[in-house]
Amino acid sequence: MIGRHPGGLEMTARLLALPGIRPPARILELGAGEGKTAVYLQALGFEVRAVDLKPSGPQVEQGDMRGLDFAGESFDCCLAECTVSGCGDGNAALKEAFRVLKKDGCLLIADVFFRKQEAPSLSMGKPLTWNCWKEAFEQAGFWIEETKDETEAWKEFFLESLWNGNAEKNCMDFFIEAGKAGCGYFLACLRKGGENGFI
């Protein structure tokens, strides 16, 4: 079983490798669900807080990534795996991540994008192409340090969900729509620089 996002914890490890972040850095996980990733991060030696609108694990606090209950510049890193695009207002979530990060902190994000203009907008307000993501990152104040295309992991996730029959009906509907729109999956390290996010 891959897990609730493509690649599971192996993909989380690849995401963490992008900025070379090391313990005991302070990480905030956004949309943490059951908290499996938070437990993994703690085992690596990171100081972790994890929030979810509807937490379902003991490691996870109730919290909304679109309006975080943390002071500005509180974290070295924010981690969001398959959550920004589905949170209801992805632009607000990106701005909140920027706010709570320390200067030179990073947002590590893994999420879907679409290659066709007739694509779902999900939580971003317009078709969620890669250009849509880039504009949203810049508007929130981030600069893109590194990206990786992990579409093959998305395909594996999709096929495994079909094979095991563990995708809920709404997920199946999304998979069909996503396939028609040329769905891909990316990893990105976004950096918070100076006053406006840029160095």
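The values are calculated or read from the model by the stated rules, or taken from the named source; none is laboratory data. Predicted, not measured: the structure shown is a model, and the values here were computed from it. Positions of Cβ are backbone-derived with ideal geometry, glycine not excepted, and every protein chain shown enters the neighbour counts.
Residues in the range 38-59 that are within 16 Å of the chain's Cα centre (by Cα), buried (at least 16 other Cβ atoms within 10 Å of the Cβ), closer than 26 Å to Ser123 by Cα and not acidic (Asp, Glu): Ala38, Val48, Arg49, Ala50, Val51. Do we have any residue at all in the range 96-103 that's among the hydrophobic types (A, V, I, L, M, F, W, C), on the phi > 0 side of the Ramachandran plot and either buried (at least 17 other Cβ atoms within 10 Å of the Cβ) or at pLDDT 95 or above (or both)? No, the range 96-103 has no match at all. Residue count for the range 11-63, restricted to those that are on the phi > 0 side of the Ramachandran plot and touching a Gly at 6+ places or on another chain (Cβ under 9 Å): 3. Taking the range 19-34 as the range and being at pLDDT 95 or above and in contact with a strand residue (DSSP E or B) (Cβ under 6 Å, 6 or more places away or on another chain) as the test, the residues that pass are Pro24, Ala25, Arg26, Ile27, Leu28, Glu29, Leu30, Gly31, Ala32.
The single residue among Glu118, Glu156, Glu150 that is closer than 20 Å to Cys183 by Cα, of a type outside the set (Ser, Thr, Tyr), in contact with a Phe, Trp or Tyr (Cβ under 7 Å, 6 or more places away or on another chain) and modelled with pLDDT under 95 turns out to be Glu150. Checked against (1) part of a helix (DSSP H, G or I); (2) in contact (Cβ under 8 Å) with a residue 40 or more places away in the chain; (3) surrounded by fewer than 22 Cβ atoms within 10 Å (Cβ to Cβ), Ala93 meets all criteria but (3).
Could you please let me know if Leu15 is assigned to a strand (DSSP E or B), of a type outside the set (Asp, Glu) and in contact (Cβ under 8 Å) with a residue 60 or more places away in the chain? Here the answer is no, as Leu15 does not meet what is asked. In a residue-by-residue description of the range 57-72, the property of being under 26 Å from Gly193 (Cβ atoms) and not in a loop (DSSP other than H, G, I, E, B) applies to no position.
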